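Since every read-out is calculated from the coordinates, none of them should be taken as a lab result. Note that the structure is predicted; figures quoted are calculated from it, not measured. Because the Cβ atoms are built from the backbone with ideal geometry, glycine has one as well, and the counts that use them run over all protein chains shown.
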Amino acid sequence: MSDRVIAGRPAPAHDPGWQLDRIVSELRAARADWRARNGRTEVTGRELPSREAVRQILEALRGALFPMRLGPTDLREESEDFYVGHTLDSALNALVAQVRLELRHTVRQARAVDRDPDAEAVQLVRDFAAALPALRRLLDTDVLAAYHGDPAARSVDEVLLCYPGILAVIHHRIAHHLYRAGLPLLARMVAETAHADTGIDIHPGAQIGSGFFIDHGTGVVIGETAVIGERVRIYQAVTLGAKRFSADADGHLEKGVARHPVVEDDVVIYAGATILGRITIGRGSSIGGNVWLTRSVPPGSSVTQANVQSGVQEGVQSPRPHTHSHSEAHPAR
């Protein structure tokens with residue numbers, strides 16, 4: 001061990017007393033215990049996607065989708081198509097390799113010997129590539145929603161280059177396609193890349209309509225089964241979460257159960273609002289800052305802390321919000 005070069009550095013000449021033989025042995029025992037308890041084997045090696053590879057693919061896809069804004073700084077319009085084609089060819093081939101790894105892992109875990117991960121990977125990425133023009137047009141609506149919805153935005157260029165909400169939505173549109181294609185691990189890696197970079201946590205399973213705008217963004221959480229309509233705007237620290245989790249007879253949490261809110265078209269949700277459970281926020285409603293909401297509200301509602309607290313004080317456990325004009329102070333910019 002002392003003669004090896006680790007991470008580009010020579011090992012120290014003296015013995016620092018790490019007791020590596022004992023530690024390595026104990027770590028091996030811990031792994032063996034885990035695998036025995038959970039019926040896991042790793043005989044074929046590590047066949048899982050790479051987070052670093054996924055990050056590089058995402059950077060290339062962003063450039064191909066918005067070449068003159070998110071591509072290389074020396075790109076010129078006459079070279080745009082060449083750049084997009086070359087970049088996509090590289091990114092899609094890299095994506096095939098990552099999809100193949102996830103499929104091999106899935107096949108191994110399920111012992112599905114009748115599946116061909118290599119052929120499936122190529123077809124799934126071919127379908128993804130074919131969806132990119134529609135995905136770009138959908139993202140155009142998100143960019144315009146941010147530009148028109150934020151008086152501080154001076155241009156769509158500023159929105160694309162600077163807004164964390166747009167970066168998160170770009171990643172989500174990609175992640176959601178992968179999720180629907182049966183690639184939940186890769187989809188989650190894409191989503192968590194955006195989460196790490198922006199502080200915005202959108203599960204790739206969430207269904208989000210066109211013209212979606214997250215302003216400021218930090219601390220936003222959108223759960224797996226959330227459904228968001230068109231032209232919805234939300235602000236920082238908003239949670240669209242689950243109120244409770246259902247369990248099976250053995251006490252294990254049930255997966256995939258619809259447990260997050262449905263937000264209809266043209267809804268605005270202000271900073272710090274928490275909306276929990278499979279409830280519906282009616283079209284055109286406004287949910288005020290720091291509101292805690294666990295009950296459906298009809299279209300055109302305006303929910304504020306004041307009217308929710310008033311309902312609680314009157315002994316109404318699930319108050320029907322008071323409806324009035326949608327005048328709400330925007331957060332500081």
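Per residue, what volume in Å³ does the convex hull of the Cα atoms of the stretch 47-200 enclose? Mind showing how you got there, number by number?
Working: hull volume 17.2 nm³, N = 154.
It comes to 111 Å³ per residue, whole-number rounded.
Each label point is 7 Å from the Cα along the Cα-to-Cβ direction; what then is the distance between the points at Thr73 and Ala119, in nm?
4.8 nm
Hey, what number do you get for the chain at 222 nm if only DSSP H runs of n ≥ 4 count, each worth -39500 (n - 2.57), divided across all residues, to the nearest 500? Please report the intermediate quantities before stating the final value.
Numbers: 9 runs with 150 residues, N = 333.
The helix-only estimate for the chain comes to -15000 deg cm²/dmol at 222 nm.
Using Cα centres only, tell me the gap between the stretch 37-115 and the stretch 14-30 in whole Å.
36 Å
Once both labels are modelled 7 Å past Cα along the beta-carbon direction, what's the Gln109-Ala32 spacing in nm?
In this crude spin-label approximation the distance works out to 2.5 nm.
What Rg and what Dmax come out for the chain when only alpha-carbon atoms are used, in angstroms?
So, for the chain, Rg and Dmax equal 24.0, 76 Å respectively.
Express in nm, to one decimal, how much length is gained between Asp127 and Arg51 on full extension, taking 0.36 nm for each residue of separation and deducting their alpha carbon distance.
Here the segment from Asp127 to Arg51 would lengthen by 25.1 nm.
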